[in-house]
1. Please give the number of the condition Glu89 fails out of (1) closer than 18 Å to Ile117 by Cβ; (2) in contact with a Phe, Trp or Tyr (Cβ under 8 Å, 6 or more places away or on another chain).
2. Could you identify the single residue in Ser14, Ser71, Ser22 that is small (Gly, Ala, Ser), in contact with a Gly (Cβ under 9 Å, 6 or more places away or on another chain) and either open to solvent by 10 Å² or more (accessible area, probe 1.4 Å) or modelled with pLDDT under 95 (or both)?
3. Confirm whether Ile53 is closer than 21 Å to Leu126 by Cα and in contact with a Leu (Cβ under 6 Å, 6 or more places away or on another chain).
4. Name the one entry in Gly145, Gly164 that is part of a loop (DSSP other than H, G, I, E, B) and at positive phi.
5. From the residues in the range 127-142 that are outside any loop (DSSP other than H, G, I, E, B) and open to solvent by less than 50 Å² (accessible area, probe 1.4 Å), which one is nearest to Ser71 (Cα to Cα)?
6. Tally time: how many residues in the range 100-126 are in a helix (DSSP H, G or I) and farther than 24 Å from Phe143 by Cα?
7. So Met38 clears everything in (1) within 26 Å of Gly160 (Cα to Cα); (2) within 19 Å of the chain's Cα centre (by Cα) except one condition, right? Which one?
Amino acid sequence: MTDTAANEIAPHLSSIFENEASGILQDLIGTPTLMGMMMFATEEEVKAARSYIIGIFEECYRVGHLRIMGSADDGALFGYALIFGHPSENYSLYCHKIYVYEQYRGNGIGSLLLGGILALPNEVGLVCSSDLVPFYESAGMHFKGNFTTPSDGGFTKTRGMYAGLCVMSTDSGEANGLPIFMLNDSDIDNIIQAIVSAKK
């Protein structure tokens, strides 16, 4: 079953945020800024970096800029989707992730979550690898072009992090103003500081 009620998702928030923070750290290992630091980080240093990212997710969720859609039953979480955007129905949303835990894959849970996302009244977009474009097109989404890092100076340290990914949207128009969730340079500096502080 898909349920976005806060009381249904609340018991799983810490494991969802932990899983997502670990995934983002894996992505950051490939960036020049953090590659050396993350490759040789101790368990305590990785934990400190992960805690900073978890804090971002917690704050976004608290203020209503992060919605979580989940598939759960009898207290077990099968999968979830993270959707970022303004709480108002007048703004586009960004699906950061649809994730199904490995032991539950192959049961249509991902499709169920995607269906719930596509039923939202807002425009919804996401980024995916080029091999998934036909899948999302068959679900009713539209290819909007290749993802490019925001051009302002606040994203120099994560530039190229999502290179090669494609932007998909439920809107067939030309405009592409999706609120992509991406760590900025200030976040990277704070992660570095968290790692350095954990060394002491």
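The values are calculated or read from the model by the stated rules, or taken from the named source; none is laboratory data. Small disclaimer: the values here were computed from a predicted structure and weren't measured. So basically every Cβ, Gly included, is an ideal-geometry build from the backbone, and we count neighbours across all protein chains shown. Areas reflect the complete protein model, heavy atoms only, side chains present, ligands, DNA and RNA absent. Shrake-Rupley method; radii C 1.70, N 1.55, O 1.52, S 1.80 Å.
1. (2)
2. Values: Ser14 fails: in contact with a Gly (Cβ under 9 Å, 6 or more places away or on another chain); Ser22 fails: in contact with a Gly (Cβ under 9 Å, 6 or more places away or on another chain).
One residue alone meets the criteria, Ser71.
3. Details: closer than 21 Å to Leu126 by Cα: yes; in contact with a Leu (Cβ under 6 Å, 6 or more places away or on another chain): no.
Spelling it out, it is not the case that Ile53 is closer than 21 Å to Leu126 by Cα and in contact with a Leu (Cβ under 6 Å, 6 or more places away or on another chain).
4. Values: Gly145 fails: part of a loop (DSSP other than H, G, I, E, B).
Within the list Gly145, Gly164, the selection yields Gly164.
5. So in the range 127-142, the residues outside any loop (DSSP other than H, G, I, E, B) come out as 127-128, 130-138, 142.
Okay, now just the ones that are also open to solvent by less than 50 Å² (accessible area, probe 1.4 Å), so 127-128, 133, 136.
Values: Val127: 22, Cys128: 21, Val133: 24, Tyr136: 20 Å.
Applying the filter and picking the extreme gives Tyr136.
6. Initially, the range 100-126 is screened for residues in a helix (DSSP H, G or I), giving 102-104, 109-118.
After this cut, where a residue has to be farther than 24 Å from Phe143 by Cα as well, the list is 102-104.
Qualifying residue count, the range 100-126: 3.
7. (2)
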